[in-house]
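The values are calculated or read from the model by the stated rules, or taken from the named source; none is laboratory data. Since we're looking at a predicted model, the values are computed, not measured. Neighbour counts are summed over all protein chains in view; Cβ atoms, including those assigned to glycine, are modelled from backbone coordinates with ideal geometry. What goes into the accessible areas is simple: the full protein's heavy atoms, side chains included, and nothing from ligands, DNA or RNA. Shrake-Rupley method; radii C 1.70, N 1.55, O 1.52, S 1.80 Å.
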Amino acid sequence: MTQHADVVVIGGGQAGLAAGYHLRRRGLDFVVLDAQATPGGAWQHTWDSLHLFSPAAFSSLPGRLMPTQPGEEYPEAGHVVAYLSDYERRYDLPVRRPVRVVGVHDDGRLLRVETDSGTWHARAVISATGTWWRPFLPAVPGRGDFQGRQLHTVSYRRPRDFAGRRVIVVGGGNSGAQIAADLAHDTEPTWVTQRPPRYLADDIDGRALFDAATARRRALDEGRTDTGGVASLGDIVAVPPVRQARDAGRLKASPMFVRLDRDGVVWADGTRAPADAVIWCTGFRPALSHLSPLGLRGPHGHIATQGTRAVAEPRLHLLGYGDWTGPASATLIGVGRPARDAARDIAALLDAGT
């Protein structure tokens, strides 16, 4: 079955909903295709104790403030899922689910969006699939020899699953610090990082991070010196659970090991640590396999963009992939502005009749 819409948005998480809000405000004909069976995007798949970095009022999509969560300064992931579900209903966004997009093709005048439940033709496409669905695992020697359990951030849920086990947590970013802190109550994890952990000041949260990312983008756009953005402040937001574990001495980082063997990890000096499990908190890559038929990737797999618009395919916009397509655009508060810009550019494209 073939269906038509002026705009197809791929992904029904926070970026896709922000795009839908601005497309609706402009009166455009659009549909949002979401591979998930229920609303909430990646937030419905995170670990149990995950909290936002910012208070609810500073973690909102355009048009509607996130309500506060009673008893929580920084809302839980489940609260975010409820907010996104309500947001989708409130603005009556046309989300189809579960619909998995297989590929986007150039059909000449239109873009053809192939899915597992039929074909859509569109005059423009917004890709808003995020990164959660493409976890990155480093090529560490011996990773295939280790006989214990290995999992990425995406598969971690709760500390009781590892109670009494010897766990190695790999990664010096927010996920690594939060999961190591989460585990510290039920086990004695070994937390390893490429470099000594860099905590942001305890009073810094997502509000400051968004401001730093925005200032960096403005400086680059105006040809001024790169401010360094969020990276200049540190790698780890000291949310309360991380701060408590750190201050209690339960969050101490070891340098990165050089290899794994059957029973655990091995450092450069020959020191070994036996392990039952390794949790790789090693980040993500943009989930863009559905765009492969368009042939837009450069030599390093990067799609060149101007703002959110793909340079080589002006009918395609990429939204919510971090600073690549807008400052802090992978955050709730940060995705609103690039979503607005994408909707504006698409409206102009459609008005021009191209």
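Just to be sure, is residue 57 small (Gly, Ala, Ser), part of a helix (DSSP H, G or I) and in contact (Cβ under 8 Å) with a residue 60 or more places away in the chain? Give the steps one after another, and end with the answer.
Values: small (Gly, Ala, Ser): yes; part of a helix (DSSP H, G or I): yes; in contact (Cβ under 8 Å) with a residue 60 or more places away in the chain: no.
No.
Is it true that some residue in region 313-323 is among the aliphatic types (A, V, I, L, M), outside any strand (DSSP E or B), within 20 Å of the chain's Cα centre (by Cα) and under 30 Å from residue 353 (Cα atoms)? Talk me through it step by step, then tell me what you get.
Taking region 313-323 and keeping what is among the aliphatic types (A, V, I, L, M), we get 316, 318-319.
Keeping just the survivors that are outside any strand (DSSP E or B) gives 319.
From what's left, within 20 Å of the chain's Cα centre (by Cα): 319.
Now restrict to residues that are under 30 Å from residue 353 (Cα atoms): 319.
The answer is yes; a qualifying residue exists.
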Subset of region 276-312, residues more than 23 Å from residue 154 (Cβ to Cβ), in contact with a His (Cβ under 9 Å, 6 or more places away or on another chain) and outside any loop (DSSP other than H, G, I, E, B), comes to 293, 294, 305, 309, 310
Which ones in region 22-35 are open to solvent by 30 Å² or more (accessible area, probe 1.4 Å) and in contact (Cβ under 8 Å) with a residue 24 or more places away in the chain?
24, 25, 26, 28, 29, 35
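Do we find that residue 161 is acidic (Asp, Glu) and open to solvent by less than 60 Å² (accessible area, probe 1.4 Å) in this structure? If you could, list the steps in order and put the result at the bottom.
Details: acidic (Asp, Glu): yes; open to solvent by less than 60 Å² (accessible area, probe 1.4 Å): no.
It is false that residue 161 is acidic (Asp, Glu) and open to solvent by less than 60 Å² (accessible area, probe 1.4 Å).
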Of everything in region 309-319 that's open to solvent by 10 Å² or more (accessible area, probe 1.4 Å) and in contact (Cβ under 8 Å) with a residue 24 or more places away in the chain, which residue is nearest to residue 32 (Cα to Cα)?
315
Which residue pairs have Cβ atoms closer than 9 Å, lie 6 or more positions apart in sequence or on different chains, and pair a first residue in region 150-163 that is part of a helix (DSSP H, G or I) with a second residue that is of a type in the set (S, T, N, Q)?
153/46; 153/175; 153/282; 154/46; 159/49; 159/187; 162/187
For residue 273, state whether it is farther than 22 Å from residue 174 by Cα and not in a strand (DSSP E or B).
no
